[in-house]
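**Student:** Supplied in structure tokens, the structure appears directly below.
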Amino acid sequence: METRCAHLGGRPDGNGPFVPPIVQSTVFNLGSAAEAEAIFSGEREGYAYTRFGNPTVEKLAEAVSSLEGGAGALVTSSGNAATLCAVTIAMAGRSNKLVTHPDVYGGSHELLSILSETYRLPVEVVDPADEAAWLNAVRQAGAVLLETPSNPLMRLIDLRTTIEAAHGNGAAVIVDNTVATPYNQQPFSFGADWVVQSTTKYLNGHSDVVGGCLVKRDELTAQDRRVHKNLGGTVNAMEAWMVLRGMRTFALRMKAHNRNGAAVAEWLSGHPDVTKVHYSARSEGRQGDIYEQQMTGGSGFIAFELAGGGEAAERFLDRMQLITHAVSLGGMESLATRPAMSSHRGMTTQARKKAGIADGLIRLSVGTEAVEDLTEDLRQALGR
Ligand code: PLP
């Protein structure tokens with residue numbers, strides 16, 4: 001993966017530039033009437049309008065597809081736009097329910113609620129902790145949308161059994177691989193049909209572009225491309241180029257995120273004020289078996305609970321000096337938030353408690369800083 005990342009963008013033809021150019025144009029010369037006809041009919045590959053396709057955006061699609069091990073990809077303006085596109089394609093012509101789980105990313109959950117309220121998309125939310133109930137729902141699903149590890153409690157879902165169960169009914173499985181990343185988890189090797197990515201996070205890695213991508217295990221069809229271009233959440237060349245540039249260092253950054261994530265989780269688990277550490281690479285029991293089966297690293301995404309509850313969590317956020325109080329994840333800089341106050345503030349205290357979101361829970365996106373600097377900031381912010 002290190003080698004592939006270093007060469008992302010492709011080998012130049014002849015005297016061409018090594019780094020792909022930014023083709024910042026919405027329109028392309030169609031040539032003669034006969035040439036235009038060949039492009040529009042699909043008889044010949046070519047560009048007409050950037051929402052339909054653009055050479056720089058194509059380079060990004062090829063790059064994400066190659067890291068995920070897919071056959072083709074469609075680039076979108078955000079991770080949510082990628083989920084919308086994948087769900088729309090996977091549920092076409094299906095009357096059974098779209099099965100998902102309660103701790104799928106909050107924005108995905110909201111998106112499914114809107115689709116359900118407005119277009120009557122049938123959605124069923126099942127907790128994978130009850131594996132029998134989960135697999136039963138998946139066996140009858142029209143399509144499945146899942147995220148493993150989940151955010152913020154890093155719960156893992158068994159990809160192999162879930163995908164087998166869904167395929168028994170001909171249902172497509174969409175895996176949100178944003179937190180694990182293709183560095184640590186390859187959903188296509190377990191048979192997933194689609195992988196969605198918020199490229200905003202680890203793939204770009206610089207916290208300066210919002211973007212997404214949906215990758216398909218099999219060749220993209222004309223219908224997949226039709227849905228993508230007409231839903232409209234496509235991108236311009238400049239943004240695609242920025243993500244592609246960020247991805248050149250993806251493997252190096254992930255090595256550092258995995259190392260720092262593991263070291264910080266270990267350090268936190270030894271702190272007397274920390275009652276629980278959630279980190280996929282430290283999963284135990286059945287969850288530990290799932291980790292071994294499908295993941296090779298835990299990324300830099302951690303959540304931990306403070307004995308002092310909400311007050312201790314607020315004090316911790318106020319005292320941080322190196323770590324920034326901010327949402328999102330996957331950048332080189334470490335970020336922390338309190339889910340009860342940010343991503344899960346819309347829920348009642350009781351509903352949060354049921355979902356396992358303690359008042360004293362802190363979500364930490366561990367960056368690529370020197371680990372001693374991170375533990376020093378954690379030590380002073382925790383007040384010991
Ligand atoms: N999937 C996961 C796991 C996320 O954490 C996020 C955003 O935080 C998204 C999808 C949505 O991505 P975006 O914000 O790029 O739309």
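The values are calculated or read from the model by the stated rules, or taken from the named source; none is laboratory data. None of the values given here were measured: they were computed from a predicted structure. Note that we place each Cβ from the backbone using ideal geometry, even for glycine, and neighbour counts take in every protein chain shown. Ligands, DNA and RNA are stripped out before the accessible areas are found, and what is left, the full protein with its side chains, is counted by its heavy atoms. Shrake-Rupley method; radii C 1.70, N 1.55, O 1.52, S 1.80 Å.
**Student:** Would you be able to tell me the number of residues in region 210-267 that are open to solvent by 30 Å² or more (accessible area, probe 1.4 Å), assigned to a helix (DSSP H, G or I) and hydrophobic (A, V, I, L, M, F, W, C)?
**Tutor:** 9
**Student:** Now for a separate question. From the list ALA137, ALA171, which one is closer than 29 Å to LYS353 by Cα and modelled with pLDDT of 95 or more?
**Tutor:** Every option except ALA137 fails the conditions.
**Student:** If I filter region 178-189 down to residues being assigned to a loop (DSSP other than H, G, I, E, B) and crowded, with 24+ Cβ neighbours inside 10 Å, which single residue comes out as farthest from the ligand (Cβ to nearest atom)?
**Tutor:** Taking the candidates together, the pick is GLN185.
**Student:** Out of ALA192, ALA166, which single residue is open to solvent by less than 10 Å² (accessible area, probe 1.4 Å), assigned to a helix (DSSP H, G or I) and not β-branched (Val, Ile, Thr)?
**Tutor:** ALA166
**Student:** Kindly establish whether ARG11 is touching a residue at least 24 places away in the same chain (Cβ under 8 Å) and either among the charged types (D, E, K, R) or in a helix (DSSP H, G or I) (or both).
**Tutor:** Considered against the rule, which asks whether it is touching a residue at least 24 places away in the same chain (Cβ under 8 Å) and either among the charged types (D, E, K, R) or in a helix (DSSP H, G or I) (or both), ARG11 comes out as no.
**Student:** Okay, next question. Criterion first (away from the ligand (no atom under 16 Å from the Cβ) and modelled with pLDDT of 95 or more) does ALA86 satisfy it?
**Tutor:** Against the criterion (away from the ligand (no atom under 16 Å from the Cβ) and modelled with pLDDT of 95 or more), ALA86 does not qualify.
**Student:** Got at least one residue in region 218-227 being farther than 30 Å from ASP130 by Cβ, more than 13 Å from the ligand (Cβ to nearest atom) and free of Cβ contacts under 8 Å to residues at least 60 places away in the same chain?
**Tutor:** yes
**Student:** Since ARG160 meets every condition but one in (1) outside any helix (DSSP H, G or I); (2) touching a residue at least 60 places away in the same chain (Cβ under 8 Å), which condition does it not meet?
**Tutor:** Every listed condition holds for ARG160 apart from (1).
**Student:** Residue under question is TYR202, and the condition is that it be among the aromatic types (Phe, Trp, Tyr), open to solvent by 10 Å² or more (accessible area, probe 1.4 Å), within 16 Å of the ligand (Cβ to nearest atom) and farther than 16 Å from LEU84 by Cβ; does it hold?
**Tutor:** For TYR202, the condition - among the aromatic types (Phe, Trp, Tyr), open to solvent by 10 Å² or more (accessible area, probe 1.4 Å), within 16 Å of the ligand (Cβ to nearest atom) and farther than 16 Å from LEU84 by Cβ - is not met.
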